[in-house]
Each structure stands twice: as C-alpha cells, then as structure tokens.
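Written below as structure tokens is the structure these notes are about.
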C-alpha cells in the first residue's frame, strides 16, 4: 500500500484529486442549514497516491449539484490546497474529541467537478432511464407508424368505396345492355318468324296467281281466292289449274265451229 501524501506539501497549490462520494450531510448556520457532501478515499489524480486526510466535507455548492453527484460515484475535482478549520465548535462541543482546529485541507469552492464512474445502483438507474427513453422513442415511432397505417387504411377504404360505386354503375350498365340485347334478340326472332311466314305464304299465292292467269288467258273466270287456308288448299288449286289447261283447247274448238258452218 502506498504511503499517504500530506497535503502540507501542496499548500497554496491547485491540484486535481479523485475520491468517492461517501454521504451527504448538513450543519446549522446563522442563515439556516448548510448542505454538505463528504468525499472519501481521496487520491492525487496525477500519481494516484492517497492523501492525508483521507476524506473531506465540502459545502454542497452548485458545482456539485450541476455535476449530479450521488452516493457511490467516483469523482474528479480540482481544488486549491489551503489552511482551513475543521471540527466542531460551540458551548455544546467543549468536551468533544473533535474540537475545531486549523488544518491543511481543501478550499470550499472547487474549480471543477466531474463524475468518473457512476455508482452501481446509480448506473443501473441510469441504464434503466436510458432503456425507458429508448422504449419511449420506439413507442413514439410505433405510434407514428400506426397513424400512417391508419391514413393508408382510410385511403384504401375510400378507394374501395370508389371502386364499389364504379362496379355498381358498371353492373347497372351491363344489365341495361343485356336488356337491350334481349330486346334486339326478340326483334330478330320476330323478324325471322315474319320472314318465314312470308316465305310460307308466298308459294300458294304464286300458284293461285298462275292459275288465275291461265284462266284469264283461256277466257274463263275463276272464283275469288280466299287467302285464308291457302296452304291447305294448295293441292286443290294446282288441280283446278291443270283442269283449266286441259279444257282450254276444247273451248277454243267449240267457239270456232259455227264460223265453219
């Protein structure tokens, strides 16, 4: 173990020291309570040699609070070595084993304070806080992603409604087109039926016309042809036409015989 260095050899000089935050305390003053912090296991930072005294009470000034020191933290502080008083005074500590006395110690106002290593519990709390912060950031990211997904979902819903409306309109137009097609098919069917019917009725009419022409040519008139039932009378009309053709020569010879007489 290295021997401790006496602070008397550094009197009036400014040096850097390391130590561990041991505990916090306070003492009464005329203005009220003064908060303090105890630094233990003090070493000279440049040589890492322990110094005497091995601990020191500092007033808990803003520089310590700004550094955020906690019990168990390993700290580096810059301070001036000077003569100061240490111990207790007052009528109630006359018989104390630690009366106030002049010693070589540290000034009450350090030039700088930095934390070299956080205490295990403090470090764990710090890591937990960091994890919570990261989780909070991740949660915010997830919330933003959810909001974006909701926006995309809303857009998809609107597009789906638009497509459904277009599909419904297209279905109506298709039904109307089918109805027109069916109507056209019915018209075509009626036209085909009418065409077949016209073709069906044209043959007996032509036959009757032929017979009428033959009768007129032979000088005989025929009875009026009833267009109703011509298909059923087709054979009779053809027969009468043949009879007219056979009788025509006889009638002609009879009409010429008186001239010969």
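The residue that is surrounded by the fewest Cβ atoms within 10 Å (Cβ to Cβ), among those in region 8-31 that are at pLDDT 90 or above and within 16 Å of residue 46 (Cβ to Cβ), is 13.
The residues of region 88-146 that are modelled with pLDDT under 80, touching a strand residue (DSSP E or B) at 6+ places or on another chain (Cβ under 7 Å), surrounded by 13 or more Cβ atoms within 10 Å (Cβ to Cβ) and outside any strand (DSSP E or B), listed by number, are 93, 100. Considering region 45-60, the residues that are surrounded by 15 or more Cβ atoms within 10 Å (Cβ to Cβ) and more than 21 Å from residue 100 (Cβ to Cβ) include one that is nearest to the chain's Cα centre (by Cα), namely 45.
The values are calculated or read from the model by the stated rules, or taken from the named source; none is laboratory data. In this text, all values refer to a predicted model and were calculated from it rather than measured experimentally. So basically every Cβ, Gly included, is an ideal-geometry build from the backbone, and we count neighbours across all protein chains shown.
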